[in-house]
Amino acid sequence: MAGTLNKVMLIGHTGDEVKMHYFEGGNCIGRFPLATNEEYINKATNEKVSNTEWHNIVVRNKAAEVCEKYLKKGDKVYIEGRIKTRKWQDEKGMDRYSTEIQCLEFTFLTPKDGSNSPSSTESSTAPQQQTASKPSSKPQATEEEEDDLPF
């Protein structure tokens, strides 16, 4: 294969509110942590083991504003994007590295009360929801209230 691929698909729960950073020219970035969980049985001890992996999610511009408005701590969300590692220097001048998920598409999976959110996010997230429908169908199979979903 001649090409390369940098693609990440995650379904998890937000660990905090979206933190926004605004720049000159009207651009902005939203950042929030996302937790994914893994559970398995340790064959040696026959104990249930649970691991949580934290991911740093970065969303840009209009998508960041939509996430800030509708995502709350603990909400379940599907994220699709790519991995990016940034190099920066701390206050002591030491090189530091941060690995982030640059979010390109997302779908809110937590049903919202009142269902006021779809009308304002429909146009900005419609293609994202269509793309995410296959991966989100597996975890959604246990939820029977499809009418509460924002799409």
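Readers should treat all values here as calculations from the given coordinates under stated rules, not as data from a laboratory. Remember, predicted model here, so these are calculated numbers, not experimental data. Counting neighbours? That spans all protein chains shown, and the Cβs are built from the backbone with ideal geometry, glycine included.
Couple of notes before you dig in:
- Compared with the alpha-carbon gap, the fully stretched path from residue 41 to residue 27 is longer by 0.4 nm at 0.36 nm per residue.
- Of 62/92; 7/76; 7/43; 43/84; 48/76; 48/69, those spanning more than 25 Å from alpha-carbon to alpha-carbon: 62/92; 7/43; 43/84; 48/69
- For the peptides 96-105, 42-51, 64-73, the ranking by packing is 64-73, 96-105, 42-51, with the highest mean count of neighbouring Cβ atoms within 10 Å listed first.
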